[in-house]
Each structure stands twice: as structure tokens, then as C-alpha cells.
Amino acid sequence: MATRSTWKLIPLRRTLSRALKPLSAPSPCSISTQDSLISSQQHAMGSLLESPSPSFSKFSYSCIGCRHYSSGIEDSLGPAAVDYLSVMQEDEYHELANSTIHDLLEKLEEYGDYVEINGYDVDYGNEVLTLKLGSLGTYIINKQTPNRQIWMSSPVSGPSRFDWDQHSRAWIYRRTRQDLIKVLETELLQLCGEPIRMS
């Protein structure tokens, strides 16, 4: 038979056992819900890794439980990357690029004397050559020293990046193998209706 002191200890024991009792395990329902959520997140991440955006030449991602991924998209879209610093010294690049842009400036100013285009204007400043053709659009041609390239924005063909080709002695767009001078001659004839000879 329990004494009075024993009865006083029973509530204290119950309180202590409740406080020290480990957290109950999650129910099977909550586990399956969590697994489902994690699985859907991993599936979404896997889809992203398997279908990277074409706007990126390389894509890599790593995390706990994720794969490492590196795509060769750039190889399928165009030629391999070039180490421009090893291809051409900076002083040689400036000499070739400046000569080309100054020749273009001279030819385009002469072209403006006999072509009848409202708003025709040629300007050169800060190593940027701008040709305005009024409502027909605007050409922007500029140097890109780090890449050893000449970049052109055209109202006809859009943006292009031209590398110096030692063999042909011309600025070539590597993706299409087109010559900067030939592209301008063809497009200006198309836009203005008058031939121009730049070479």
C-alpha cells in the first residue's frame, strides 16, 4: 500500500517522463509527403540540368545530391573558342583594326556624297564608327580589344563579331565565314540601292 509521500512523487515522475520523452516520429503520411516534395524538386532540377538554356555556352551546377553537368552547346553552335591573346599581339591588333575602321570611314563619307538617303550621316568617336541611314537603320562598328575583334551591329543582319584571318587578310565572322567588307557592300546596296566598293 502506497504511502502519502509515494503519492506525492507520482505526479512529479509523470511530469519528468513527459519532459524527457523523445519527440515522436513523424507519421507515415507526413514522410510520404516530404519524400514526394523532395522527389519533385529533384526531378525539376534534373530537367533543368538536362535542358540548359542555349544562351549559355557552358553550364555547371553542383549541390548535395545533384549531378555535375557540362554541355558542349557552343561546339554545336559554332567554332571552338579562340585564345585571342595568343593569336595576335595588342599593338598589331590596333594597327589592323584602326586601319580597317579609318578606311571604312573614308569610303562611307564618299558614299554619302552621291547616295540619296534622308538622314545619312557618318560619325567616328571613341573608337566607334556610326553610320546612320535615316529610317533605314543604323550601323555601329567598334573595336573589341580583349577579344581582338571588330564588332558590328547591322539593321539587316544584326550583331556580328569579326576576327582577323591572316590567310585571307580580312576580318571574318567565324560562324558564317563572311568578310566584314563584303557584308557591308552587300547590305548597303540592298538598303540604299547604290553599289559601294570598299576594298
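All of the numbers you see were taken from the coordinates with simple rules; none came from a lab. Since we're looking at a predicted model, the values are computed, not measured. We place every Cβ from the backbone using ideal geometry, glycine too, and count neighbours over all the protein chains shown.
Quick notes
- Looking across region 140-163, the residues that are within 23 Å of Y111 (Cβ to Cβ) and in a loop (DSSP other than H, G, I, E, B) come down to P155, V156, S157.
- Complete set of residues in region 105-127 that are touching a strand residue (DSSP E or B) at 6+ places or on another chain (Cβ under 6 Å), of a type in the set (A, V, I, L, M) and under 19 Å from V183 (Cα atoms): L105, L108, V122
- Filter result (touching a helix residue (DSSP H, G or I) at 6+ places or on another chain (Cβ under 8 Å) and within 16 Å of Y120 (Cα to Cα)) within region 157-194: L184, L188, L191, C192, E194
- Members of region 104-135 that are closer than 20 Å to R197 by Cβ and in a helix (DSSP H, G or I): L104, L105, E106, K107, L108, E109, E110, Y111, G112, D113, Y114
- Among residues of region 174-199 that are free of Cβ contacts under 8 Å to residues at least 40 places away in the same chain and within 13 Å of E116 (Cα to Cα), those with a Cβ under 9 angstrom from a residue that is of a type in the set (D, E, K, R) and buried (at least 17 other Cβ atoms within 10 Å of the Cβ), sequence gap 6+ or separate chain, pair up as P195/E185.
- Within region 143-173, if we keep just the residues that are touching a residue at least 40 places away in the same chain (Cβ under 8 Å) and surrounded by 18 or more Cβ atoms within 10 Å (Cβ to Cβ), the residue that is farthest from I117 (Cα to Cα) turns out to be R148.
- Among the residues listed as D179, D91, D123, the single one being crowded, with 18+ Cβ neighbours inside 10 Å and among the charged types (D, E, K, R): D179
- R169 vs. criteria under 26 Å from Q89 (Cβ atoms), charged (D, E, K, R) and within 24 Å of the chain's Cα centre (by Cα): no
- Residue in region 164-185 that is in a loop (DSSP other than H, G, I, E, B), basic (K, R) and under 17 Å from L108 (Cα atoms) present: no
- Residues (surrounded by 13 or more Cβ atoms within 10 Å (Cβ to Cβ) and either polar (S, T, N, Q) or part of a loop (DSSP other than H, G, I, E, B) (or both)) located in region 94-103: T100
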